[in-house]
1. Step by step: first the residues of the stretch 91-133, then only those that are in contact with a Leu (Cβ under 8 Å, 6 or more places away or on another chain) and part of a strand (DSSP E or B), then the one that is nearest to residue 38 (Cα to Cα). Which residue is that?
2. Which one of 30, 71 is within 22 Å of residue 89 (Cα to Cα) and out of contact with any His (no Cβ under 6 Å at 6 or more places or on another chain)?
3. Of all residues in the stretch 49-95, which are farther than 18 Å from residue 137 by Cβ, out of contact with any Phe, Trp or Tyr (no Cβ under 6 Å at 6 or more places or on another chain) and of a type in the set (D, E, K, R)?
4. Restricting the search to the stretch 49-86, which residues are within 13 Å of residue 132 (Cβ to Cβ) and either under 12 Å from the mean Cα position of the chain (by Cα) or of a type in the set (S, T, N, Q) (or both)?
5. Among residues belonging to the stretch 66-106 that are surrounded by 22 or more Cβ atoms within 10 Å (Cβ to Cβ) and among the charged types (D, E, K, R), point out the one that is farthest from residue 51 (Cα to Cα).
Amino acid sequence: MSALKMPALADPEAQTPSYEGEDVFVAVPADFRLETGDTLPDAHVRLRRYGRADGPVVVVSGGISSGRFVAGEGGWWTDHIGPGMAIDLDNFCVFGFDFAPVEDHRVRLSPRDQARLIATSLDALGIGVIEAWIGSSYGGSVGLSFAAHAPACVKISAYSAPRTSRPRSRAVGVACSGAWWNSRSRTATSTRAWRWRANSP
């Protein structure tokens, strides 16, 4: 049984899960600075919430062209997110988000900047700990950065990586390797890495 299909401890009398989702925009703090020292021109972080509003929180992030529409009609990951699916909307509260900048601005952002924006947004929403962060491609790098930035705030982190190594993916791996080893949460950059780490002392 998938870890994310375990029954969530949620009130059965709570509101009906939202399968199509609802937008949640969180203001970017005025004092938020990127790693470069620049300010972010965005006024808000754009998230979309699916499932049970009172359920354990799962954050889902995909490639650079993905966005906050992760489930429902037009969602980019409907094969995995929905009622009774691997990420069960009847049990969990799922957030997708748009990578910053949301408009056509010329600004340099790192995966750490994106992770800090999501951490700030979750904090503003009163969410202290998330059940899982599931990321692929660029979204995996952001999730890894989130686990390094706030290791006490995520229980499970799962990331996917290319099957074969390419120069760009090797560069990302080197850049993120410090985050991998500094994270206190359970993280995986690939199935092979997860098996190795699970079997290591």
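The values are calculated or read from the model by the stated rules, or taken from the named source; none is laboratory data. Note that this is a predicted model, so its numbers are computed, not measured. Virtual Cβ from ideal backbone geometry, glycine too; neighbours counted across all protein chains shown.
1. If we take residues in the stretch 91-133 being in contact with a Leu (Cβ under 8 Å, 6 or more places away or on another chain) and part of a strand (DSSP E or B), then 97 is nearest to residue 38 (Cα to Cα).
2. Just one listed residue meets the conditions, 71.
3. 52, 54, 73, 88, 90 - these are the residues of the stretch 49-95 that are farther than 18 Å from residue 137 by Cβ, out of contact with any Phe, Trp or Tyr (no Cβ under 6 Å at 6 or more places or on another chain) and of a type in the set (D, E, K, R).
4. Of everything in the stretch 49-86, those that are within 13 Å of residue 132 (Cβ to Cβ) and either under 12 Å from the mean Cα position of the chain (by Cα) or of a type in the set (S, T, N, Q) (or both) turn out to be 57, 58, 59, 60, 61.
5. Among those that are surrounded by 22 or more Cβ atoms within 10 Å (Cβ to Cβ) and among the charged types (D, E, K, R), it is 68.
Okay, residues lined up against (1) under 26 Å from residue 44 (Cβ atoms); (2) crowded, with 18+ Cβ neighbours inside 10 Å; (3) touching a Ser or Thr at 6+ places or on another chain (Cβ under 9 Å); (4) modelled with pLDDT of 90 or more:
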| site | (1), (2), (3), (4) |
| --- | --- |
| 119 | yes, yes, no, yes |
| 125 | yes, no, no, yes |
| 130 | yes, yes, no, yes |
| 134 | yes, yes, yes, yes |
| 148 | yes, yes, yes, yes |
| 183 | no, yes, yes, no |
| 186 | no, no, yes, no |
| 190 | no, no, yes, no |
| 196 | no, no, no, no |
